[in-house]
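Have a look at the structure below before the remarks.
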Amino acid sequence: MDLSNLTPAKGSVKTSKRIGRGQGSGGGGTATRGHKGAKSRSGYSKKIGFEGGQMPIFRRLPKFGFKNINRVEYRSLNLDVIQSIASAKNLDVIDMNVLIESGFASRNDKVKILGRGELNAKVDVKVHAFSATAAKAIESKGGQAIKI
């Protein structure tokens, strides 16, 4: 066997229908494009959002608001989640690696701790941000709220 006798599997390759090659071929005349109009012409391409001359929806609807390019999105975790991690794994320091391991954050997330729930253990938490109530609750139990 060599490269000269390699062929595709039987039935896997179809020859394309050669349209527009005269009336006798059955695909001549309009060459499956219908009669007249922009879509029958060569070089036709519809503009994005074109609705046949009707005012397109992106121009009919009003625009509002803006997207702040400097906004920082945080993955929020509450104190009850921190407590459950600390008690389940018997930890006194919770950082990003622990949160990633336990599936509460991914590698690129920024994490903020919020104040819902009870914290019973003394835990040092090292994440990107804390709410005032969360930091107060952590420090009242003797732990540290450390910003990365």
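The values are calculated or read from the model by the stated rules, or taken from the named source; none is laboratory data. Quick caveat: nothing in here was measured; it's all calculated off a predicted structure. All Cβ positions, glycine included, derive from the backbone under ideal geometry; neighbour counts span all protein chains shown.
Taking Gly49 as the residue in question, decide whether it is at positive phi and touching a helix residue (DSSP H, G or I) at 6+ places or on another chain (Cβ under 7 Å). Before you say what the answer is, go through the steps one by one.
Values: at positive phi: yes; touching a helix residue (DSSP H, G or I) at 6+ places or on another chain (Cβ under 7 Å): yes.
Against the criterion (at positive phi and touching a helix residue (DSSP H, G or I) at 6+ places or on another chain (Cβ under 7 Å)), Gly49 qualifies.
Given the structure, is Gly34 among the small types (Gly, Ala, Ser), in contact with a Ser or Thr (Cβ under 7 Å, 6 or more places away or on another chain), over 30 Å from His128 (Cα atoms) and free of Cβ contacts under 8 Å to residues at least 24 places away in the same chain? Reasoning before the result, please.
Details: among the small types (Gly, Ala, Ser): yes; in contact with a Ser or Thr (Cβ under 7 Å, 6 or more places away or on another chain): yes; over 30 Å from His128 (Cα atoms): yes; free of Cβ contacts under 8 Å to residues at least 24 places away in the same chain: yes.
Taking the combined requirement at face value, the residue satisfies it.
Has segment 84-97 got at least one residue that is free of Cβ contacts under 8 Å to residues at least 40 places away in the same chain and within 30 Å of Gly49 (Cβ to Cβ)?
Scanning segment 84-97, I find no residue that is free of Cβ contacts under 8 Å to residues at least 40 places away in the same chain and within 30 Å of Gly49 (Cβ to Cβ), so the answer is no.
For residues that are touching a Ser or Thr at 6+ places or on another chain (Cβ under 9 Å) and charged (D, E, K, R), scanning just segment 89-148, find the one that is farthest from Leu79 (Cα to Cα).
Looking at residues that are touching a Ser or Thr at 6+ places or on another chain (Cβ under 9 Å) and charged (D, E, K, R), I get Lys89.
Quick one: is Ala105 aliphatic (A, V, I, L, M) and more than 27 Å from the chain's Cα centre (by Cα)?
No; evaluated as a whole, the condition is false for this residue.
Consider Ala38 against the criteria (1) over 14 Å from Ile148 (Cβ atoms); (2) within 28 Å of the chain's Cα centre (by Cα); (3) hydrophobic (A, V, I, L, M, F, W, C): it satisfies all of them except one. Which criterion is unmet?
(2)
Can you spot a residue in segment 48-69 that is closer than 30 Å to Ser131 by Cα, aromatic (Phe, Trp, Tyr) and either in contact (Cβ under 8 Å) with a residue 40 or more places away in the chain or touching a Ser or Thr at 6+ places or on another chain (Cβ under 9 Å) (or both)?
Narrowing segment 48-69 to residues closer than 30 Å to Ser131 by Cα: 65-69.
Checking which are aromatic (Phe, Trp, Tyr) leaves us with 66.
Retained after the next criterion (residues that are either in contact (Cβ under 8 Å) with a residue 40 or more places away in the chain or touching a Ser or Thr at 6+ places or on another chain (Cβ under 9 Å) (or both)): none.
No.
Select, from Gly52, Gly65, the only residue that is surrounded by fewer than 16 Cβ atoms within 10 Å (Cβ to Cβ), at pLDDT below 90 and not aliphatic (A, V, I, L, M). Working first, answer last.
Details: Gly65 fails: at pLDDT below 90.
Residue meeting the stated conditions: Gly52.
Run down Arg60, Arg75 and say which single residue is under 24 Å from the mean Cα position of the chain (by Cα) and surrounded by fewer than 16 Cβ atoms within 10 Å (Cβ to Cβ). Steps first, answer last, please.
Values: Arg60 fails: under 24 Å from the mean Cα position of the chain (by Cα).
Only one candidate passes the filter, namely Arg75.
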